[in-house]
Amino acid sequence: MLIAVLDQYESPNLFTFNSMIRAYCKSSIPQKSFDFYNRILYSRNNISPDNYTFNFLVRTCAQLLEQEMGFSVHGALIKHGFEHDPHVQSGLIFMYAELGCLNSCHRVFEAIFQPDLVCQTAMVSACAKCGDVNFARQLFDIMPERDPVTWNAMIAGYAQCGQSTEALDLFYLMQIEGVRVNEVSMVSVVSACTHSGALDQGRWAHAYIERNKLRMTVTLGTALIDMYAKFGNMEKAMEVFWGMKEKNVYTWTSAIGGLGINGFGEKCLELFSLMKQDGVHPNGATFVSVLRGCSMVGLVDEGMKHFYSMIKLYGIEPQLEHYGLMVDLHARAGRLDEALNFINNMPVKPHNGAWGALLNACRVYKNKELGELALRKIVELDAKNDGAFVLFSNMYADSKNWETVTNVRQVMKEKGVKKLPGCSVIEVDGEFHEFIVGDDSHPRYNEIEIMLSEISRLLRFSGYSYY
């Protein structure tokens, strides 16, 4: 359609070509942008690409994740004299960040004589996206001017790197400094609350959104659904879901997945049916959620049906996670031979997740022979997998076979396999407290030890026994 419109022009000018490049850059077929770039180069009207042309092209390369193409465009824009244009420089930083080339981001940024706010923000975002949050924060702190985009980039960087406390601290500082908080800010804040398990702060974030009448975008609504689902509050998650005016495949998938992991298998499948009726095309992640939901409540036949429909009806090639869930589906239902058969017939090499699901089921259903096979396969893939050895040891501990338990622990010692210490985190009055097995560094450790002793005494008095 766009090409037909362009062909009506006898002599398209540069503005027209740039408009076409920009339109295709934002379309589902961004590679078409280069067709119009080539038409500029070979135009009979003696026109040349400008800074806008190259800014659109580097963003096309970022969208396509084409590194070699990105290098070529970078070379072409230098040839045409646009390497010092601020718009092009910020576009290059964005492109290299999307391509995961952080060193190239640094080279482009360091070559800028006086980086403006746009370039500095692009660099903060690039470093945060690529995991270098320390450099991003250093640059953020020395910036003479910061707009909401800069703040959002830094908060998002912390959230993406799992540094949730830093993300939330920066959000509070953002409010203190009077910077306008928008929907983008809150997506990162909600994600940070989710990753840190901060339920109270997550509720506060939701209340803040409603109190300030922020627009419930698809991304923000999906983040809230994901948060409440992971906190186990599906009632609130579904309240957000049904209240959204617009939903995409990720919104549906998040709600379906939440129902699945929280044990609402039937409701998970009902919502999946509604999704299809609504004309939303499921993707691979959707089927991960559906299969997990079936597995959690033992709906083996339903799971099989959806697994094969994924291939036949939607043309989605199953990935390792899908196969692992199918093994888990059969194993949880006690169909251990079928689970093993599924592993043996996988078109890809089985991973630890598949064998681990089988091993866990062998413990539940006391199938020691198959459990030994699963352990051997896991050790072949990862000789230091402490979780597999612990599962195997627990299988024999359940049947009071302490000799084998001792032998397993001896093998672990000989192989240098160390069990990672248990860790728990609680939130009290907005402050997080982390506890690790054997760690006595908490400032109130003595009080905690006294309380634990008292709780243990009361439990024993009530008839509870443990070993």
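The values are calculated or read from the model by the stated rules, or taken from the named source; none is laboratory data. The shown structure was predicted, so the numbers you read here are calculated from the model rather than taken from an experiment. Heads up, the Cβs are rebuilt from the backbone with ideal geometry, glycines too, and the neighbour counts pull from every protein chain shown.
Scan region 30-37 and tell me whether some residue there is modelled with pLDDT under 90, over 30 Å from the mean Cα position of the chain (by Cα), of a type outside the set (Val, Ile, Thr) and more than 21 Å from Val118 (Cβ to Cβ).
Scanning region 30-37 turns up no residue that is modelled with pLDDT under 90, over 30 Å from the mean Cα position of the chain (by Cα), of a type outside the set (Val, Ile, Thr) and more than 21 Å from Val118 (Cβ to Cβ).
Which one is modelled with the highest pLDDT, of the residues in region 174-199 that are farther than 18 Å from Arg137 by Cβ and touching a Pro at 6+ places or on another chain (Cβ under 7 Å)?
Asn182
Please name all residue pairs, on different chains or six or more residues apart, with Cβ atoms under 7 Å, provided the first residue is in region 218-229 and is in contact (Cβ under 8 Å) with a residue 24 or more places away in the chain and the second residue is basic (Lys, Arg) and surrounded by fewer than 24 Cβ atoms within 10 Å (Cβ to Cβ).
From region 218-229, the pairs are Val218/Lys247; Tyr228/Lys236.
Consider region 1-29. How many of its residues are closer than 28 Å to Glu68 by Cβ, of a type in the set (A, V, I, L, M, F, W, C) and at pLDDT 90 or above?
So the answer is 7.
Say whether the condition of being in a helix (DSSP H, G or I), among the acidic types (Asp, Glu) and farther than 16 Å from Met296 by Cβ is met by at least one residue in region 255-268.
Step one: filter region 255-268 for residues in a helix (DSSP H, G or I), giving 255-261, 265-268.
Right, trim to among the acidic types (Asp, Glu) and you get 266.
Going one step further and asking which of them are farther than 16 Å from Met296 by Cβ, we end up with none.
No, every residue in region 255-268 fails to be in a helix (DSSP H, G or I), among the acidic types (Asp, Glu) and farther than 16 Å from Met296 by Cβ.
Say we look at region 109-155 and pick out the residues that are acidic (Asp, Glu) and assigned to a helix (DSSP H, G or I); which of these is nearest to Val179 (Cα to Cα)?
Ranking the qualifying residues of region 109-155, first place goes to Asp141.
Would you call Arg363 assigned to a helix (DSSP H, G or I) and exposed (fewer than 15 other Cβ atoms within 10 Å of the Cβ)?
For Arg363, the condition - assigned to a helix (DSSP H, G or I) and exposed (fewer than 15 other Cβ atoms within 10 Å of the Cβ) - is not met.
Could you go through region 132-154 and let me know if any residue there is closer than 16 Å to Gln201 by Cβ and without any contact (Cβ under 8 Å) to a residue 40 or more places away in the chain.
The answer is no, given that none of the residues of region 132-154 is closer than 16 Å to Gln201 by Cβ and without any contact (Cβ under 8 Å) to a residue 40 or more places away in the chain.
When the residues of region 306-315 are filtered to those that are hydrophobic (A, V, I, L, M, F, W, C) and within 15 Å of Lys276 (Cα to Cα), which remaining residue is surrounded by the most Cβ atoms within 10 Å (Cβ to Cβ)?
Met310
Out of (1) farther than 28 Å from Leu375 by Cα; (2) surrounded by 13 or more Cβ atoms within 10 Å (Cβ to Cβ); (3) in contact with a Lys or Arg (Cβ under 9 Å, 6 or more places away or on another chain), the odd one out for Glu239 is which?
Condition not satisfied by Glu239: (3).
What are the pairs with Cβ atoms under 7 angstrom where one residue, in region 315-337, is closer than 10 Å to Ala357 by Cα and the other, located anywhere, is part of a loop (DSSP other than H, G, I, E, B) and among the small types (Gly, Ala, Ser)? Sequence gap at least six, or different chains.
Note: pairs meeting the criteria are Arg332/Gly298.
Ser273 fails exactly one of the following numbered conditions: (1) in contact (Cβ under 8 Å) with a residue 24 or more places away in the chain; (2) more than 29 Å from Leu214 (Cα to Cα). What is the number of that condition?
The single condition Ser273 does not satisfy is (1).
Please go through region 327-355 and give me each residue that is under 20 Å from Ser289 (Cβ atoms) and either surrounded by fewer than 20 Cβ atoms within 10 Å (Cβ to Cβ) or in contact with a Gly (Cβ under 7 Å, 6 or more places away or on another chain) (or both), ordered by number.
Leu329, Arg332, Ala333, His351, Gly353, Ala354
Restricting attention to region 137-181, which residues are more than 15 Å from Ala192 (Cα to Cα) and polar (S, T, N, Q)?
Result: Gln138, Thr150, Gln175.
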